[in-house]
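Chemist: I'd like to ask you about the structure that follows.
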Amino acid sequence: MTEQTEAVEQGPERHVRVVLVDDHRMFRTGVQAEIGRTETTGVEVVGEAADVDQAVTVITATRPEVVLLDVHLPGGGGVEVLRRCAPLMAGAQSPVRFLALSVSDAAEDVIGVIRGGARGYVTKTITGTDLVDSIFRVQDGDAVFSPRLAGFVLDAFASTDAPPVDEDLDRLTQREREVLRLIARGYAYKEIAKQLFISVKTVESHVSAVLRKLQLSNRHELTRWATARRLV
Amino acid sequence: MPRPVPRVTIGGMPEAATVPLTEDTRDPRPPRKLYRSSDGRWLGGVARGLAGHLGLPVIWVRLVFVGLFMADGLGALLYAAFWFFVPLGLGGVGGGRPTVLTTETAPDGRRRLVARRPDKGQILALLLMVVVAMIFVQNVNLTGNTKAYLVPTVLVGAGVALVWRQADNARRARWMEAGRRRRTLSLARAAAGIVLVGAGITGIFVTQGATEHLGPILQAALAVLVGIALLAGPYLVRMTQDLSEERLMRIRAQERAEVAAHVHDSVLHTLTLIQRNADSAAEVRRLARAQERDLRAWLYKPAAAENPREPETVAEAVKRNAAEVEDKHGVPLEVVVVGDCPLDEGVTAQMQAAREAMVNAAKYGGEGGAVQVFAEVEGDEVFVSVRDRGPGFDPDSIPADRMGVRESIIGRMERNGGTARLRAVPDGGTEVELTMKRAEKTS
């Protein structure tokens, strides 16, 4: 708890309402204990759910800003929650944003929820500080990429050698690749900014662009990639 | 010959799943049991099996059978009895032909070749049998009445033999996964067998001079058969269902036992160790991470976890090295690999350099948190980066006697035509970047 620098700095002045979706009660309790001290972290846990139906009900009722979503859930998994909450994500006013939080870092889980509309993916080994940081980042509309996730994305785009039909949409720009590579190498956004002589905001917009490409325009390519690896 | 081999046994066919292919050639002969040889047999594999069992040349056994056959058909009777009661197995006489092994290991084309080979011998054997049978019939002096029964009996025998061979084939195909013959062939075989048996039985009736009763008798027989089918049918269906269900349960139970064994061997042991080392946070973390990696590997790719072999690709090598360093130094290493390619000489050197870099990072930069390892194969270039968040150091100030960095990393990379770059990361920590050209691009 000594190195809670960023969260403590941001905590008091920022506030975010969060719903926890996880079928392990112990884990919910643990996360709650880690991030739920609203006065220091600024995170307020407004609801919890243990399965898909419950999650949809709670999310609809409480309209949180961020949902921490487990990938493996009884009743269809995190992807199902994302599918049924799609209208909430699209809302112009206070859209609900999803951050996947899973013990699994298997490619099919990661790609599945990202395609479903989650704004980021972190594994359960993440520290409390980093988790709070990620939650705020997602609240801002940014994408949160773990090094592993960045690796998956690079892999997905790299394995297609043939030039795609719509170059602008389907290809990552040189800069985006560079940013992803640095994330995969374990750099924080701030460090990437310093390395590439750009602002943190620019880094974030690059990452968001990658996420958008991943969700919208790269569907066929990703499908191809996933089928080639027998992931879907 | 077969000895229990730890493998899932599929219901009802213990010898099928436990045939030890290598033991024939390597082991100094385990306790022997008589099996019919499925390999290189002419008819039922009895002679080969017997020869293998007795340690005699096959031809002797075959000659003895033929000789006995001349003695009022005793050989045929004996052969039939063996065929009937002795289960089919692998091996038999050694014969110097490694066909069994190649059947197992070779790709499909090879297998078919091997499976087809004995067929020539079989045709030969059948021809031989016909000739011998003709001579036998000529020679034996039978009364007219008995002689009339002979041809139908032989027909029935041939039909039964055909169908029994079929059963052998099905059994062999199931555990060799090799003789995947077409269904039509087996159906044709069964049909031929039935026709032969039918012809034989009809022949007996005809020779008895009961042709006029044939219709009513057939009708009565059919009625009895239908009656039996009606009576026993449900039980039979039930029995096969129970059997397959039981088989399924057994497989499931075995699977569960295997999972339990693994959980016991690894997870429970680790938890015990963790309880005992509860004071040492670093040790607990090391144990937990090692166990997590182990369990993941076991859950998602069981084959790789069971037989660890030398890594053959960049991804495998990086992961293996990182896992070993992690276990040895108790510092978590996060590995991200993009793309993959087989190892060549230069890349192998690069992997060794990367390992050295990981060791360094774990030793000197481990306090700052996880060490990040990133490997990427892009085009004909392999790039590896190892970074830590330790105190960092100035690459120019490496003392001349520090062989680790200078020789193991930089020197090794340069000798193999690659480059190594060490640099300080802006916010503390060190990053080692290794770049190597691949010998040839295969993708």
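Chemist: Would you be able to say whether some residue in segment B:331-352 is in a helix (DSSP H, G or I), under 23 Å from A:Glu178 (Cβ atoms) and modelled with pLDDT of 85 or more?
Modeler: Looking for residues that are in a helix (DSSP H, G or I), under 23 Å from A:Glu178 (Cβ atoms) and modelled with pLDDT of 85 or more, one finds at least one in segment B:331-352, hence yes.
Chemist: Within segment B:413-443, can you find the residues that are at pLDDT 85 or above, open to solvent by 40 Å² or more (accessible area, probe 1.4 Å) and away from chain A (no Cβ under 14 Å)?
Modeler: Answer for segment B:413-443, where residues must be at pLDDT 85 or above, open to solvent by 40 Å² or more (accessible area, probe 1.4 Å) and away from chain A (no Cβ under 14 Å): B:Glu414, B:Arg415, B:Asn416, B:Gly417, B:Thr419, B:Lys437.
Chemist: Are any residues in segment A:95-137 among the polar types (S, T, N, Q) and more than 20 Å from A:Ser205 (Cα to Cα), and if so, which ones?
Modeler: A:Ser102, A:Ser104, A:Thr123, A:Thr125, A:Thr127, A:Thr129
Chemist: Considering segment A:50-69 alone, what residues qualify as being over 19 Å from A:Gly117 (Cα atoms) and either open to solvent by less than 60 Å² (accessible area, probe 1.4 Å) or of a type in the set (Phe, Trp, Tyr) (or both)?
Modeler: Answer for segment A:50-69, where residues must be over 19 Å from A:Gly117 (Cα atoms) and either open to solvent by less than 60 Å² (accessible area, probe 1.4 Å) or of a type in the set (Phe, Trp, Tyr) (or both): A:Ala50, A:Thr62.
Chemist: Now for a different question. Pull out all pairs, ordered by first then second residue, where Cβ-Cβ is under 8 Å, the residues are six or more apart or on different chains, the first lies in segment A:62-83 and is among the basic types (Lys, Arg), and the second is open to solvent by less than 40 Å² (accessible area, probe 1.4 Å).
Modeler: Listed by first residue and then by second, the contacts come to A:Arg63/A:Leu88; A:Arg63/A:Val96; A:Arg83/A:Gly116.
Chemist: Test B:Val377 against the criterion of being within 14 Å of chain A (Cβ to nearest Cβ), open to solvent by 10 Å² or more (accessible area, probe 1.4 Å) and either out of contact with any strand residue (DSSP E or B) (no Cβ under 6 Å at 6 or more places or on another chain) or aromatic (Phe, Trp, Tyr) (or both), and give yes or no.
Modeler: Against the criterion (within 14 Å of chain A (Cβ to nearest Cβ), open to solvent by 10 Å² or more (accessible area, probe 1.4 Å) and either out of contact with any strand residue (DSSP E or B) (no Cβ under 6 Å at 6 or more places or on another chain) or aromatic (Phe, Trp, Tyr) (or both)), B:Val377 qualifies.
Chemist: Considering segment A:21-49 alone, what residues qualify as being assigned to a strand (DSSP E or B) and either open to solvent by less than 50 Å² (accessible area, probe 1.4 Å) or within 21 Å of A:Tyr121 (Cβ to Cβ) (or both)?
Modeler: Residues satisfying the conditions are A:Val21, A:Val43, A:Val45, A:Val46, A:Gly47, A:Glu48, A:Ala49.
Chemist: Step by step: first the residues of segment A:154-174, then only those that are within 16 Å of B:Glu378 (Cβ to Cβ), in contact with a helix residue (DSSP H, G or I) (Cβ under 7 Å, 6 or more places away or on another chain) and part of a helix (DSSP H, G or I), then the one that is modelled with the highest pLDDT. Which residue is that?
Modeler: The selected residue is A:Leu154.
Chemist: How many residues does segment A:197-208 contain that are assigned to a helix (DSSP H, G or I) and open to solvent by 10 Å² or more (accessible area, probe 1.4 Å)?
Modeler: 7
Chemist: Still on this model: Just to check your reading of the model, which residue among B:Arg389, B:Arg355 is modelled with pLDDT of 80 or more, within 14 Å of chain A (Cβ to nearest Cβ), within 30 Å of B:Ile274 (Cβ to Cβ) and in contact with a helix residue (DSSP H, G or I) (Cβ under 8 Å, 6 or more places away or on another chain)?
Modeler: That would be B:Arg389, the only listed residue that is modelled with pLDDT of 80 or more, within 14 Å of chain A (Cβ to nearest Cβ), within 30 Å of B:Ile274 (Cβ to Cβ) and in contact with a helix residue (DSSP H, G or I) (Cβ under 8 Å, 6 or more places away or on another chain).
Chemist: Something else now. Which one of these does A:Leu101 not meet: (1) open to solvent by less than 10 Å² (accessible area, probe 1.4 Å); (2) assigned to a helix (DSSP H, G or I); (3) farther than 18 Å from A:Tyr189 by Cβ?
Modeler: Unmet for A:Leu101, out of (1) open to solvent by less than 10 Å² (accessible area, probe 1.4 Å); (2) assigned to a helix (DSSP H, G or I); (3) farther than 18 Å from A:Tyr189 by Cβ: (2).
Chemist: Here's another thing I want to ask about it. How do the pairs read when you match residues in segment A:33-46 that are touching a residue at least 24 places away in the same chain (Cβ under 8 Å) with residues anywhere that are part of a helix (DSSP H, G or I) and charged (D, E, K, R), using Cβ under 7 Å and keeping only pairs 6 or more apart or on different chains?
Modeler: none
Chemist: Another question, then. For segment A:115-153, how many residues meet the condition of being part of a loop (DSSP other than H, G, I, E, B) and within 14 Å of another protein chain (Cβ to nearest Cβ)?
Modeler: The total comes to 5.
Chemist: Now for a separate question. Six or more apart or on different chains, Cβ under 6 Å: which pairs go from a residue in segment A:184-199 that's touching a residue at least 24 places away in the same chain (Cβ under 8 Å) and within 11 Å of another protein chain (Cβ to nearest Cβ) to one that's crowded, with 20+ Cβ neighbours inside 10 Å and not small (Gly, Ala, Ser)? Could you list them?
Modeler: Once the first residue is touching a residue at least 24 places away in the same chain (Cβ under 8 Å) and within 11 Å of another protein chain (Cβ to nearest Cβ) and sits in segment A:184-199, its partners that are crowded, with 20+ Cβ neighbours inside 10 Å and not small (Gly, Ala, Ser) give A:Ala184/A:Pro147; A:Ala184/B:Val336; A:Ala184/B:Phe374; A:Arg185/B:Gln372; A:Arg185/B:Phe374; A:Gly186/A:Pro147; A:Gly186/B:Gln372; A:Gly186/B:Arg387.
Chemist: Exactly one of these conditions fails for B:Lys319: (1) open to solvent by less than 70 Å² (accessible area, probe 1.4 Å); (2) modelled with pLDDT of 85 or more; (3) within 27 Å of B:Gly418 (Cβ to Cβ). Give me its number.
Modeler: Of the numbered conditions (1) open to solvent by less than 70 Å² (accessible area, probe 1.4 Å); (2) modelled with pLDDT of 85 or more; (3) within 27 Å of B:Gly418 (Cβ to Cβ), the odd one out for B:Lys319 is (1).
Chemist: Separate question: Do we have B:Glu367 as within 14 Å of another protein chain (Cβ to nearest Cβ), surrounded by fewer than 19 Cβ atoms within 10 Å (Cβ to Cβ) and either at pLDDT 85 or above or in contact with a Lys or Arg (Cβ under 6 Å, 6 or more places away or on another chain) (or both) here?
Modeler: Answer is no for this residue.
Chemist: If B:Asp294 satisfies every condition in (1) at pLDDT below 80; (2) open to solvent by 60 Å² or more (accessible area, probe 1.4 Å); (3) closer than 19 Å to A:Ser104 by Cα but one, which is the exception?
Modeler: Against the list (1) at pLDDT below 80; (2) open to solvent by 60 Å² or more (accessible area, probe 1.4 Å); (3) closer than 19 Å to A:Ser104 by Cα, B:Asp294 comes up short only on (1).
The values are calculated or read from the model by the stated rules, or taken from the named source; none is laboratory data. Only a predicted model underlies this, so the values are computations on that prediction, with no experimental measurement involved. When we count neighbours, we look across all protein chains shown, and the Cβ atoms used for this are built from the backbone with ideal geometry, even at glycine. Accessible surface areas use protein heavy atoms only, side chains included; no ligands, DNA or RNA. Shrake-Rupley method; radii C 1.70, N 1.55, O 1.52, S 1.80 Å.
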